[in-house]
Amino acid sequence: MGIFDKFKKGFQKSASAFSVGLKEIIIKKEIDDENLNKIEEFLIQSDVGIEAASEIKEIISKKKVDPNKDLTTEINLILKEYIISLMKPLENNSFFIKKEKLNVTLISGVNGVGKTTSIGKIGKILKSNGNKVIFAASDTFRAAAIEQLENWAEKVDIQITKSTQGSDPASVAYKAIEEALTNNFNQVLVDTAGRLQNKKNLMEEYKKIANVIKKIEPNAPHDVILVLDATSGQNVINQVEEFNKIIPITGIVMTKLDGTAKGGILLALAKKYKLPIIALGLGEKEDDLQVFKAEQFAEAFIQPN
């Protein structure tokens, strides 16, 4: 199975729900106000967001539909074009290319989003592009998190810097950067403790990591990636809002898109924040993290039922 086929397969749950929902609305040969309102409501229920849904409704209302063509196909084409125009500027393929200088990436997210797993998969892609990568196990809150990152480091053959449970997370990140500078690593991926965005003490600890690593690498972190779980729906909007207040986010990774029938949340995020989308998680295997491409996403999301 090729990468694009895997991508489409991962989106089947969302795509099927979307396609069936649209077909149930579009039973006429024309789009009247009632159908337009139903389409807008359906898009909002699919987590596309009010703003994007309103824009799509407006575009459809102005479209001259050829009565000889299938209306569902015509609307799917409008949706596909809208998604590509909205999300193409948010591609950031340069994130994975080989870096000439040290690049420190802080990776954050709430508990259970697949953050540590995503780090392992990101590390693999970076390494395959010729980067020399090191992991920093700065999620010292849970012993299981250190062990999980160790397992990923072994699986993808990447060096790891760690300490014991309960040790200072910032010191682990500092040590990893120190090792990177000494041994000519060009990519440091820093795992941070999964935290709720409304827990002030944990968010302060997160900010401390960023402050401490500046002492050894003044421009660090060069990237701040927030990992989000697609099955959380509209709650991810609040997560972006709160994490962005602490340290400005430079990109997002959306996981578990294979586990939801409401994958439209990525459109809502794109419309509201315009943050670069680094990659999408579509499964548990090490190759199931796909570098984000807008056209690929649009085609997978609007695939016919």
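Yes/no per residue for (1) in contact with a Leu (Cβ under 9 Å, 6 or more places away or on another chain); (2) of a type in the set (A, V, I, L, M, F, W, C); (3) over 23 Å from SER16 (Cα atoms):
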| site | (1), (2), (3) |
| --- | --- |
| GLY251 | yes, no, yes |
| LEU257 | yes, yes, no |
| TYR273 | no, no, yes |
| GLY281 | yes, no, no |
| ASP288 | yes, no, no |
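Could you grab me the full set of residues in segment 133-178 that are in contact (Cβ under 8 Å) with a residue 40 or more places away in the chain, surrounded by fewer than 18 Cβ atoms within 10 Å (Cβ to Cβ) and under 24 Å from the mean Cα position of the chain (by Cα)?
ARG142, LYS155
So, of the residues in segment 234-259 that are in a helix (DSSP H, G or I) and of a type in the set (Val, Ile, Thr), which turns out to be nearest to VAL172 (Cα to Cα)?
The selected residue is ILE246.
If GLU242 satisfies all but one of (1) farther than 24 Å from LEU282 by Cβ; (2) over 17 Å from the mean Cα position of the chain (by Cα), what's the number of the condition it fails?
Unmet condition: (2).
Across segment 18-52, what is the total count of residues that are farther than 22 Å from ILE237 by Cα, among the hydrophobic types (A, V, I, L, M, F, W, C) and modelled with pLDDT under 85?
Total satisfying the criteria: 6.
Sort out for me the strands (runs of 3 or more DSSP E) sitting completely within segment 147-233 that have 2 or more residues that are aliphatic (A, V, I, L, M).
187-192, 223-229
Look through segment 18-56, keep the residues that are in contact with an Asp or Glu (Cβ under 8 Å, 6 or more places away or on another chain) and crowded, with 20+ Cβ neighbours inside 10 Å, and return whichever of them is nearest to ALA268 (Cα to Cα). Explain how you work it out, then say what you get.
Residues of segment 18-56 that are in contact with an Asp or Glu (Cβ under 8 Å, 6 or more places away or on another chain), as a first pass: 53-54, 56.
So of that shortlist, the ones also crowded, with 20+ Cβ neighbours inside 10 Å come out as 53, 56.
Numbers: ALA53: 9, ILE56: 12 Å.
Of everything passing the filter in segment 18-56, ALA53 is nearest to ALA268 (Cα to Cα).
crowded, with 22+ Cβ neighbours inside 10 Å, farther than 19 Å from ILE125 by Cα and either free of Cβ contacts under 8 Å to residues at least 40 places away in the same chain or of a type in the set (Val, Ile, Thr) (or both): which single residue out of ILE246, ILE265, ILE278 fits that description?
Exactly one residue qualifies, and that residue is ILE265.
The values are calculated or read from the model by the stated rules, or taken from the named source; none is laboratory data. Because the structure is a prediction, the values reported are computed rather than measured. Positions of Cβ are backbone-derived with ideal geometry, glycine not excepted, and every protein chain shown enters the neighbour counts.
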